[in-house]
Amino acid sequence: MQHYDLIVIGLGSMGSATSYYASKRGAKVLGLEQFQIPHENGSHTGQSRIIRKAYFEHPNYVPLLQRAYDNWARLEQVVGRQLFYRTGLLYHGTADGVLLKGVRASSEQYHVPLRAYTPEQAQKRFPQFQLDTRFESLLEPDAGFILPEKTISIFYELALKAGATLHCNEAVQTWTRKGDGVEVQTNKASYYAKRLVITAGAWARDLIPALRPNLRVTQQSLFWVKPKDWEAFSLANFPCWNMMLPDDEGLFYGFPILPSNRFDGQIGLKIAYHAPEQLIEPNEARPAIQAKEYTRIQNFAATYMPDALASILASKTCLYTYSDNEDFIIDHLPEQGGVVSIACGFSGHGFKFVPLVGEVLTDLALEGKTDAPIGFLSAKRYLMA
Ligand SMILES: Cc1cc2nc3c(=O)[nH]c(=O)nc-3n(C[C@H](O)[C@H](O)[C@H](O)COP(=O)(O)OP(=O)(O)OC[C@H]3O[C@@H](n4cnc5c(N)ncnc54)[C@H](O)[C@@H]3O)c2cc1C
(Lines give C-alpha, C1' and ligand atoms only; values in the text may rest on other atoms or scores of the structure.)
Protein backbone atom coordinates (compact mmCIF):
# COMPACT_ATOMS: atom_id res chain seq x y z
CA MET A 1 0.00 0.00 0.00
CA GLN A 2 1.33 3.48 -0.87
CA HIS A 3 1.95 5.84 2.09
CA TYR A 4 1.44 9.63 2.14
CA ASP A 5 1.53 12.44 4.68
CA LEU A 6 -1.88 13.65 3.54
CA ILE A 7 -4.73 12.38 1.38
CA VAL A 8 -7.23 14.94 0.05
CA ILE A 9 -10.61 13.53 -1.05
CA GLY A 10 -12.22 15.73 -3.73
CA LEU A 11 -10.15 18.02 -5.97
CA GLY A 12 -12.77 20.66 -6.72
CA SER A 13 -12.66 24.15 -5.26
CA MET A 14 -11.36 23.55 -1.74
CA GLY A 15 -9.45 20.32 -2.37
CA SER A 16 -7.38 21.57 -5.31
CA ALA A 17 -6.29 24.56 -3.21
CA THR A 18 -5.50 22.36 -0.20
CA SER A 19 -3.40 20.03 -2.34
CA TYR A 20 -1.32 23.01 -3.46
CA TYR A 21 -0.82 24.67 -0.06
CA ALA A 22 0.03 21.36 1.66
CA SER A 23 2.49 20.31 -1.08
CA LYS A 24 4.11 23.73 -0.98
CA ARG A 25 4.71 23.21 2.75
CA GLY A 26 6.60 20.02 1.97
CA ALA A 27 3.94 17.37 2.66
CA LYS A 28 3.75 14.25 0.49
CA VAL A 29 0.17 14.68 -0.82
CA LEU A 30 -2.19 12.34 -2.64
CA GLY A 31 -5.32 13.98 -4.08
CA LEU A 32 -8.23 11.87 -5.32
CA GLU A 33 -10.98 13.15 -7.61
CA GLN A 34 -13.86 11.07 -8.94
CA PHE A 35 -14.22 13.15 -12.17
CA GLN A 36 -11.96 15.36 -14.30
CA ILE A 37 -10.45 18.55 -12.85
CA PRO A 38 -12.41 20.81 -13.16
CA HIS A 39 -15.82 19.33 -14.11
CA GLU A 40 -19.51 20.24 -14.38
CA ASN A 41 -21.11 17.83 -11.88
CA GLY A 42 -20.35 19.60 -8.61
CA SER A 43 -20.37 23.13 -7.21
CA HIS A 44 -17.75 24.97 -9.27
CA THR A 45 -19.15 25.26 -12.79
CA GLY A 46 -20.50 28.46 -14.37
CA GLN A 47 -17.61 30.74 -15.44
CA SER A 48 -17.73 33.35 -12.65
CA ARG A 49 -18.25 33.82 -8.90
CA ILE A 50 -18.86 37.04 -6.96
CA ILE A 51 -16.25 38.10 -4.40
CA ARG A 52 -17.18 40.71 -1.80
CA LYS A 53 -16.15 41.78 1.68
CA ALA A 54 -19.08 43.71 3.25
CA TYR A 55 -20.57 40.33 4.07
CA PHE A 56 -24.32 40.57 4.60
CA GLU A 57 -24.49 36.99 5.93
CA HIS A 58 -22.45 37.86 9.08
CA PRO A 59 -19.53 40.14 10.02
CA ASN A 60 -17.67 37.06 11.35
CA TYR A 61 -16.72 36.29 7.75
CA VAL A 62 -14.95 39.60 7.15
CA PRO A 63 -11.63 38.76 8.89
CA LEU A 64 -11.55 35.54 6.86
CA LEU A 65 -12.24 37.52 3.70
CA GLN A 66 -9.42 39.94 4.48
CA ARG A 67 -7.09 36.96 4.51
CA ALA A 68 -8.74 35.46 1.43
CA TYR A 69 -8.21 38.76 -0.45
CA ASP A 70 -4.49 38.65 0.48
CA ASN A 71 -4.25 35.08 -0.76
CA TRP A 72 -5.99 35.92 -4.06
CA ALA A 73 -3.40 38.69 -4.59
CA ARG A 74 -0.54 36.31 -3.76
CA LEU A 75 -1.97 33.69 -6.10
CA GLU A 76 -2.16 36.25 -8.92
CA GLN A 77 1.54 37.02 -8.34
CA VAL A 78 2.48 33.33 -8.36
CA VAL A 79 0.70 32.62 -11.65
CA GLY A 80 1.35 36.03 -13.24
CA ARG A 81 -2.25 36.66 -14.31
CA GLN A 82 -5.36 38.41 -13.12
CA LEU A 83 -7.92 36.25 -11.31
CA PHE A 84 -9.90 38.88 -9.37
CA TYR A 85 -11.73 41.46 -11.55
CA ARG A 86 -12.71 44.50 -9.47
CA THR A 87 -15.86 45.62 -11.23
CA GLY A 88 -17.41 46.76 -7.94
CA LEU A 89 -20.58 45.18 -6.58
CA LEU A 90 -23.87 47.04 -6.58
CA TYR A 91 -26.43 46.12 -3.91
CA HIS A 92 -30.11 47.06 -4.32
CA GLY A 93 -32.57 46.46 -1.50
CA THR A 94 -34.88 48.05 1.00
CA ALA A 95 -33.26 49.93 3.89
CA ASP A 96 -34.57 47.47 6.48
CA GLY A 97 -34.05 44.29 4.39
CA VAL A 98 -31.54 41.54 5.20
CA LEU A 99 -29.21 42.51 2.35
CA LEU A 100 -28.58 46.21 2.98
CA LYS A 101 -28.73 45.90 6.77
CA GLY A 102 -26.16 43.09 6.67
CA VAL A 103 -23.88 44.86 4.20
CA ARG A 104 -23.93 48.03 6.32
CA ALA A 105 -23.26 46.09 9.56
CA SER A 106 -20.15 44.36 8.16
CA SER A 107 -18.97 47.57 6.51
CA GLU A 108 -19.30 49.57 9.75
CA GLN A 109 -17.61 46.95 11.93
CA TYR A 110 -14.66 46.41 9.59
CA HIS A 111 -14.48 49.71 7.70
CA VAL A 112 -15.26 48.23 4.30
CA PRO A 113 -15.75 51.23 1.96
CA LEU A 114 -19.24 51.64 0.45
CA ARG A 115 -20.89 54.34 -1.68
CA ALA A 116 -24.59 55.04 -1.06
CA TYR A 117 -27.04 56.12 -3.78
CA THR A 118 -30.58 57.46 -3.50
CA PRO A 119 -33.03 55.94 -6.02
CA GLU A 120 -32.62 59.01 -8.26
CA GLN A 121 -28.81 58.89 -8.10
CA ALA A 122 -28.79 55.12 -8.70
CA GLN A 123 -31.10 55.51 -11.71
CA LYS A 124 -28.78 58.08 -13.24
CA ARG A 125 -25.52 56.26 -12.51
CA PHE A 126 -26.84 52.73 -13.32
CA PRO A 127 -29.57 53.15 -15.94
CA GLN A 128 -29.43 49.38 -16.62
CA PHE A 129 -31.75 49.02 -13.58
CA GLN A 130 -35.28 50.33 -13.20
CA LEU A 131 -35.81 50.92 -9.48
CA ASP A 132 -38.78 52.36 -7.65
CA THR A 133 -38.58 54.45 -4.50
CA ARG A 134 -38.63 51.42 -2.15
CA PHE A 135 -35.02 50.68 -3.06
CA GLU A 136 -31.72 52.06 -1.85
CA SER A 137 -28.41 51.21 -3.49
CA LEU A 138 -24.90 50.68 -2.18
CA LEU A 139 -21.73 50.12 -4.20
CA GLU A 140 -18.81 48.13 -2.76
CA PRO A 141 -15.91 49.21 -5.00
CA ASP A 142 -13.41 46.57 -3.76
CA ALA A 143 -15.55 43.65 -4.93
CA GLY A 144 -16.06 41.89 -8.24
CA PHE A 145 -15.73 38.43 -9.69
CA ILE A 146 -13.32 35.51 -9.83
CA LEU A 147 -13.08 32.56 -12.24
CA PRO A 148 -13.89 29.17 -10.66
CA GLU A 149 -12.81 26.71 -13.36
CA LYS A 150 -9.62 28.66 -14.16
CA THR A 151 -8.72 28.90 -10.46
CA ILE A 152 -9.14 25.15 -9.95
CA SER A 153 -7.01 24.38 -13.03
CA ILE A 154 -4.34 26.71 -11.66
CA PHE A 155 -4.33 25.07 -8.22
CA TYR A 156 -4.25 21.65 -9.89
CA GLU A 157 -1.20 22.62 -11.95
CA LEU A 158 0.55 24.37 -9.04
CA ALA A 159 -0.03 21.35 -6.78
CA LEU A 160 1.43 19.00 -9.39
CA LYS A 161 4.44 21.27 -9.80
CA ALA A 162 4.88 21.36 -6.00
CA GLY A 163 5.12 17.55 -5.99
CA ALA A 164 1.55 16.36 -5.28
CA THR A 165 0.26 13.11 -6.75
CA LEU A 166 -3.23 13.83 -8.07
CA HIS A 167 -5.52 11.16 -9.54
CA CYS A 168 -8.59 12.03 -11.63
CA ASN A 169 -11.41 9.57 -12.30
CA GLU A 170 -10.76 7.71 -9.05
CA ALA A 171 -13.66 7.63 -6.58
CA VAL A 172 -13.12 7.11 -2.86
CA GLN A 173 -15.43 4.42 -1.51
CA THR A 174 -14.47 4.36 2.18
CA TRP A 175 -11.96 5.69 4.66
CA THR A 176 -11.04 3.92 7.92
CA ARG A 177 -8.87 4.95 10.87
CA LYS A 178 -5.88 2.64 11.06
CA GLY A 179 -3.01 3.00 13.55
CA ASP A 180 -2.08 6.68 13.78
CA GLY A 181 -3.53 7.45 10.35
CA VAL A 182 -6.16 6.59 7.79
CA GLU A 183 -6.63 3.97 5.11
CA VAL A 184 -8.54 5.10 2.03
CA GLN A 185 -10.16 2.63 -0.36
CA THR A 186 -11.02 3.77 -3.90
CA ASN A 187 -12.49 1.98 -6.90
CA LYS A 188 -8.87 1.35 -7.98
CA ALA A 189 -6.58 0.93 -4.96
CA SER A 190 -5.94 1.40 -1.22
CA TYR A 191 -3.75 4.11 0.24
CA TYR A 192 -2.53 5.06 3.71
CA ALA A 193 -1.82 8.54 5.07
CA LYS A 194 -1.05 10.17 8.40
CA ARG A 195 -3.75 12.77 7.79
CA LEU A 196 -6.97 13.00 5.78
CA VAL A 197 -8.79 16.07 4.42
CA ILE A 198 -12.34 15.61 3.09
CA THR A 199 -13.41 18.32 0.63
CA ALA A 200 -16.12 16.38 -1.17
CA GLY A 201 -18.66 19.17 -1.76
CA ALA A 202 -22.13 17.77 -2.46
CA TRP A 203 -20.85 14.24 -1.71
CA ALA A 204 -19.61 15.12 1.81
CA ARG A 205 -22.68 13.41 3.28
CA ASP A 206 -21.52 10.05 1.85
CA LEU A 207 -18.04 10.33 3.37
CA ILE A 208 -19.12 11.93 6.68
CA PRO A 209 -22.42 10.14 7.39
CA ALA A 210 -22.76 11.78 10.82
CA LEU A 211 -23.32 15.12 9.02
CA ARG A 212 -25.98 13.79 6.63
CA PRO A 213 -28.90 15.21 8.66
CA ASN A 214 -27.28 18.66 8.61
CA LEU A 215 -26.44 18.93 4.89
CA ARG A 216 -28.98 19.46 2.08
CA VAL A 217 -27.99 19.40 -1.59
CA THR A 218 -29.90 21.54 -4.09
CA GLN A 219 -29.58 22.01 -7.82
CA GLN A 220 -29.33 25.68 -8.78
CA SER A 221 -29.73 27.22 -12.22
CA LEU A 222 -27.70 29.87 -14.03
CA PHE A 223 -28.78 31.78 -17.15
CA TRP A 224 -26.86 33.63 -19.84
CA VAL A 225 -29.05 36.04 -21.77
CA LYS A 226 -28.80 38.30 -24.81
CA PRO A 227 -29.47 41.87 -23.68
CA LYS A 228 -31.32 44.39 -25.81
CA ASP A 229 -28.31 46.72 -25.45
CA TRP A 230 -25.06 44.66 -25.39
CA GLU A 231 -22.72 47.61 -24.72
CA ALA A 232 -24.62 48.82 -21.65
CA PHE A 233 -23.93 45.48 -19.92
CA SER A 234 -20.32 45.05 -21.07
CA LEU A 235 -17.42 44.54 -18.69
CA ALA A 236 -16.35 48.17 -19.16
CA ASN A 237 -19.79 49.59 -18.30
CA PHE A 238 -21.51 47.32 -15.83
CA PRO A 239 -20.63 46.00 -12.32
CA CYS A 240 -21.55 42.79 -10.53
CA TRP A 241 -24.81 43.17 -8.63
CA ASN A 242 -27.08 41.71 -5.89
CA MET A 243 -30.73 42.64 -5.54
CA MET A 244 -33.17 41.58 -2.83
CA LEU A 245 -36.86 42.26 -3.40
CA PRO A 246 -39.25 43.06 -0.54
CA ASP A 247 -41.06 39.90 0.65
CA ASP A 248 -38.57 37.61 -1.09
CA GLU A 249 -35.87 35.80 0.87
CA GLY A 250 -33.87 35.01 -2.26
CA LEU A 251 -31.31 37.16 -3.96
CA PHE A 252 -31.09 37.96 -7.66
CA TYR A 253 -27.52 38.50 -8.81
CA GLY A 254 -25.45 38.91 -11.90
CA PHE A 255 -22.25 39.85 -13.66
CA PRO A 256 -21.17 42.00 -16.61
CA ILE A 257 -20.80 40.28 -19.98
CA LEU A 258 -17.40 38.57 -20.12
CA PRO A 259 -15.99 38.93 -23.64
CA SER A 260 -14.99 35.65 -25.28
CA ASN A 261 -11.59 37.00 -26.38
CA ARG A 262 -10.56 37.15 -22.69
CA PHE A 263 -12.77 34.63 -20.86
CA ASP A 264 -13.76 31.00 -21.31
CA GLY A 265 -17.32 29.75 -20.93
CA GLN A 266 -20.75 30.96 -21.92
CA ILE A 267 -21.47 34.01 -24.08
CA GLY A 268 -23.87 36.64 -22.79
CA LEU A 269 -25.08 38.38 -19.66
CA LYS A 270 -25.23 36.04 -16.64
CA ILE A 271 -28.22 36.35 -14.30
CA ALA A 272 -29.20 33.98 -11.48
CA TYR A 273 -31.22 33.58 -8.30
CA HIS A 274 -29.77 32.56 -4.92
CA ALA A 275 -32.22 30.59 -2.76
CA PRO A 276 -32.73 26.83 -2.34
CA GLU A 277 -34.10 25.26 -5.55
CA GLN A 278 -34.69 21.54 -6.13
CA LEU A 279 -33.43 19.13 -3.44
CA ILE A 280 -31.42 16.36 -5.11
CA GLU A 281 -29.20 13.33 -4.48
CA PRO A 282 -25.91 14.03 -6.34
CA ASN A 283 -25.48 10.42 -7.49
CA GLU A 284 -28.94 10.22 -9.06
CA ALA A 285 -30.06 11.55 -12.46
CA ARG A 286 -30.26 15.33 -12.38
CA PRO A 287 -33.68 16.93 -12.97
CA ALA A 288 -34.29 19.49 -15.72
CA ILE A 289 -34.47 23.18 -14.85
CA GLN A 290 -38.09 23.90 -13.90
CA ALA A 291 -40.28 26.26 -15.92
CA LYS A 292 -40.67 28.48 -12.84
CA GLU A 293 -36.90 29.06 -12.72
CA TYR A 294 -37.02 30.46 -16.27
CA THR A 295 -40.08 32.63 -15.62
CA ARG A 296 -38.64 33.97 -12.37
CA ILE A 297 -35.61 35.34 -14.22
CA GLN A 298 -37.72 36.63 -17.13
CA ASN A 299 -40.21 38.39 -14.82
CA PHE A 300 -37.42 39.88 -12.73
CA ALA A 301 -35.63 41.25 -15.79
CA ALA A 302 -38.84 42.60 -17.31
CA THR A 303 -39.56 44.58 -14.14
CA TYR A 304 -36.15 45.68 -12.87
CA MET A 305 -33.72 45.37 -15.84
CA PRO A 306 -35.89 46.02 -18.91
CA ASP A 307 -32.97 46.16 -21.39
CA ALA A 308 -31.25 43.07 -20.02
CA LEU A 309 -33.19 40.18 -21.50
CA ALA A 310 -34.05 39.94 -25.18
CA SER A 311 -33.66 36.14 -25.17
CA ILE A 312 -32.12 33.34 -23.11
CA LEU A 313 -28.92 32.04 -24.73
CA ALA A 314 -27.82 29.28 -22.34
CA SER A 315 -28.46 27.74 -18.96
CA LYS A 316 -26.47 25.50 -16.63
CA THR A 317 -26.97 23.81 -13.29
CA CYS A 318 -24.66 23.63 -10.32
CA LEU A 319 -25.00 22.22 -6.77
CA TYR A 320 -25.29 23.98 -3.42
CA THR A 321 -24.67 22.07 -0.18
CA TYR A 322 -26.57 23.87 2.54
CA SER A 323 -25.65 23.51 6.18
CA ASP A 324 -28.46 24.03 8.70
CA ASN A 325 -27.69 27.70 9.28
CA GLU A 326 -25.85 28.29 5.96
CA ASP A 327 -22.50 28.77 7.73
CA PHE A 328 -19.63 26.66 6.42
CA ILE A 329 -18.25 23.68 8.38
CA ILE A 330 -14.43 23.79 8.60
CA ASP A 331 -12.84 21.83 11.42
CA HIS A 332 -11.20 18.64 12.59
CA LEU A 333 -13.75 15.88 12.50
CA PRO A 334 -14.57 15.32 16.21
CA GLU A 335 -13.33 12.15 17.91
CA GLN A 336 -10.69 11.37 15.27
CA GLY A 337 -7.69 12.67 17.26
CA GLY A 338 -7.02 15.51 14.81
CA VAL A 339 -6.30 13.01 12.02
CA VAL A 340 -9.29 13.95 9.81
CA SER A 341 -10.17 17.53 8.75
CA ILE A 342 -13.27 18.54 6.81
CA ALA A 343 -14.62 21.51 4.87
CA CYS A 344 -18.19 21.36 3.59
CA GLY A 345 -21.62 23.01 3.78
CA PHE A 346 -20.52 26.03 1.75
CA SER A 347 -24.19 26.88 1.18
CA GLY A 348 -23.68 28.62 -2.16
CA HIS A 349 -21.17 31.25 -0.98
CA GLY A 350 -17.83 29.48 -0.60
CA PHE A 351 -15.77 30.15 -3.70
CA LYS A 352 -14.40 33.55 -2.71
CA PHE A 353 -12.78 31.81 0.31
CA VAL A 354 -10.98 29.09 -1.70
CA PRO A 355 -7.35 30.24 -1.21
CA LEU A 356 -8.02 30.82 2.49
CA VAL A 357 -9.76 27.47 3.03
CA GLY A 358 -6.87 25.67 1.30
CA GLU A 359 -4.44 27.27 3.72
CA VAL A 360 -6.63 26.66 6.80
CA LEU A 361 -7.09 22.96 5.96
CA THR A 362 -3.34 22.68 5.49
CA ASP A 363 -2.87 24.24 8.96
CA LEU A 364 -5.39 21.85 10.52
CA ALA A 365 -3.93 18.77 8.82
CA LEU A 366 -0.21 19.48 9.17
CA GLU A 367 0.02 21.70 12.28
CA GLY A 368 -3.08 20.46 14.14
CA LYS A 369 -4.40 24.03 14.50
CA THR A 370 -4.94 27.31 12.65
CA ASP A 371 -4.83 30.96 13.73
CA ALA A 372 -7.66 31.82 11.30
CA PRO A 373 -10.81 32.76 13.28
CA ILE A 374 -12.97 29.78 12.26
CA GLY A 375 -14.51 28.95 15.64
CA PHE A 376 -18.00 29.87 14.39
CA LEU A 377 -17.62 27.27 11.61
CA SER A 378 -16.89 24.36 13.95
CA ALA A 379 -18.17 20.83 13.27
CA LYS A 380 -18.83 20.42 16.98
CA ARG A 381 -21.90 22.62 16.65
CA TYR A 382 -23.57 19.68 14.91
CA LEU A 383 -21.67 16.60 15.98
CA MET A 384 -21.22 17.14 19.71
CA ALA A 385 -24.35 19.13 20.52
C1 LIG B 1 -24.83 28.35 -9.06
C2 LIG B 1 -23.76 28.66 -8.05
C3 LIG B 1 -23.37 29.96 -7.85
C4 LIG B 1 -22.41 30.28 -6.88
N5 LIG B 1 -22.01 31.59 -6.72
C6 LIG B 1 -21.04 31.89 -5.84
C7 LIG B 1 -20.54 33.21 -5.75
O8 LIG B 1 -20.97 34.10 -6.50
N9 LIG B 1 -19.56 33.47 -4.85
C10 LIG B 1 -19.04 32.50 -4.04
O11 LIG B 1 -18.17 32.80 -3.24
N12 LIG B 1 -19.50 31.22 -4.11
C13 LIG B 1 -20.46 30.90 -4.99
N14 LIG B 1 -20.90 29.61 -5.11
C15 LIG B 1 -20.43 28.59 -4.15
C16 LIG B 1 -19.10 27.95 -4.49
O17 LIG B 1 -18.95 27.72 -5.85
C18 LIG B 1 -19.04 26.66 -3.68
O19 LIG B 1 -19.21 26.99 -2.30
C20 LIG B 1 -17.72 25.93 -3.84
O21 LIG B 1 -17.46 25.66 -5.20
C22 LIG B 1 -17.77 24.63 -3.04
O23 LIG B 1 -16.53 23.98 -3.17
P24 LIG B 1 -16.33 22.45 -2.77
O25 LIG B 1 -14.88 22.18 -2.87
O26 LIG B 1 -17.04 22.20 -1.48
O27 LIG B 1 -17.15 21.62 -3.89
P28 LIG B 1 -16.67 21.18 -5.36
O29 LIG B 1 -15.96 22.28 -6.04
O30 LIG B 1 -17.84 20.58 -6.04
O31 LIG B 1 -15.60 20.05 -5.06
C32 LIG B 1 -15.91 18.82 -4.43
C33 LIG B 1 -15.18 17.74 -5.21
O34 LIG B 1 -15.16 16.52 -4.49
C35 LIG B 1 -15.24 15.48 -5.44
N36 LIG B 1 -15.65 14.25 -4.75
C37 LIG B 1 -16.75 14.08 -4.02
N38 LIG B 1 -16.83 12.83 -3.53
C39 LIG B 1 -15.73 12.19 -3.98
C40 LIG B 1 -15.26 10.85 -3.81
N41 LIG B 1 -15.92 9.94 -3.10
N42 LIG B 1 -14.08 10.52 -4.40
C43 LIG B 1 -13.38 11.43 -5.13
N44 LIG B 1 -13.81 12.70 -5.33
C45 LIG B 1 -14.97 13.08 -4.76
C46 LIG B 1 -16.27 16.01 -6.42
O47 LIG B 1 -16.30 15.32 -7.63
C48 LIG B 1 -15.84 17.45 -6.54
O49 LIG B 1 -14.91 17.65 -7.58
C50 LIG B 1 -21.85 29.26 -6.09
C51 LIG B 1 -22.21 27.91 -6.30
C52 LIG B 1 -23.15 27.61 -7.28
C53 LIG B 1 -23.54 26.18 -7.49
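The values are calculated or read from the model by the stated rules, or taken from the named source; none is laboratory data. Just so we're clear, the structure is a prediction, and the values are computed from it rather than from any experiment. Note that we place each Cβ from the backbone using ideal geometry, even for glycine, and neighbour counts take in every protein chain shown.
Applying the selection to the range 361-376, what residues are farther than 24 Å from Gly46 by Cβ and surrounded by 15 or more Cβ atoms within 10 Å (Cβ to Cβ)?
Here is the first cut: in the range 361-376, the ones farther than 24 Å from Gly46 by Cβ are 362-376.
Within the range 361-376, Thr362, Asp363, Leu364, Ala365, Leu366, Thr370, Ala372, Ile374 meet the criteria.
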Within the range 171-181, track down each residue that is surrounded by fewer than 18 Cβ atoms within 10 Å (Cβ to Cβ) and more than 23 Å from the chain's Cα centre (by Cα). Gln173, Thr174, Thr176, Arg177, Lys178, Gly179, Asp180
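Quick grid of which residues meet (1) out of contact with any Asp or Glu (no Cβ under 8 Å at 6 or more places or on another chain); (2) in contact (Cβ under 8 Å) with a residue 12 or more places away in the chain:
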| site | (1), (2) |
| --- | --- |
| Trp72 | yes, yes |
| Arg81 | yes, no |
| Gly97 | yes, yes |
| Val103 | no, yes |
| His111 | yes, no |
| Ala116 | no, yes |
| Gln123 | yes, no |
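Considering only strands (runs of 3 or more DSSP E) fully contained in the range 69-175, which possess at least 1 residues that are closer than 30 Å to Trp203 by Cα?
Values: elements: 89-93, 115-117, 136-140, 144-146, 165-167.
Correct list: 144-146, 165-167.
Select, from Glu140, Glu170, the only residue that is within 16 Å of the ligand (Cβ to nearest atom) and assigned by TED's automatic domain parsing to the domain that holds Leu235. Spell out how you get there, then give the answer.
Working: Glu170 fails: assigned by TED's automatic domain parsing to the domain that holds Leu235.
After ruling out the rest, the residue left standing is Glu140.
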Within the range 185-234, residues farther than 21 Å from Gly348 by Cα, in a strand (DSSP E or B), within 16 Å of the ligand (Cβ to nearest atom) and of a type outside the set (S, T, N, Q) come out as Tyr191, Ala193, Leu196, Val225
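I'm checking my understanding of the structure. Among residues of the range 1-57 that are part of a loop (DSSP other than H, G, I, E, B) and among the β-branched types (Val, Ile, Thr), which one is nearest to Ala202 (Cα to Cα)? Reasoning before the result, please.
So the first thing to find is which residues in the range 1-57 are part of a loop (DSSP other than H, G, I, E, B), and the list is 1, 10-12, 25-28, 33-48, 52-57.
Within this subset, residues satisfying the condition of being among the β-branched types (Val, Ile, Thr) are 37, 45.
Working: Ile37: 16, Thr45: 13 Å.
Going through the qualifying residues, I end up with Thr45.
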The residue from Gly348, Gly358 that alone is assigned by TED's automatic domain parsing to the domain that holds Tyr156, under 22 Å from Trp72 (Cβ atoms), buried (at least 24 other Cβ atoms within 10 Å of the Cβ) and small (Gly, Ala, Ser) is Gly358
Need pairs with beta-carbon distance below 6 Å; first residue under 19 Å from Val217 (Cβ atoms) and within the range 282-306, second crowded, with 19+ Cβ neighbours inside 10 Å; sequence gap 6+ or separate chains. Pro282/Ala202; Pro282/Trp203; Pro282/Val217; Ile289/Ser221; Glu293/Ser221
Which pairs have Cβ atoms under 7 Å, sit 6 or more apart or on different chains, and link a residue in the range 140-167 that is closer than 17 Å to Gln82 by Cα to one that is hydroxyl-bearing (Ser, Thr, Tyr) and at pLDDT below 95? none
Just the residues that are within 15 Å of Asp264 (Cβ to Cβ) and of a type in the set (Gly, Ala, Ser), please, taken from the range 132-168. Ser153
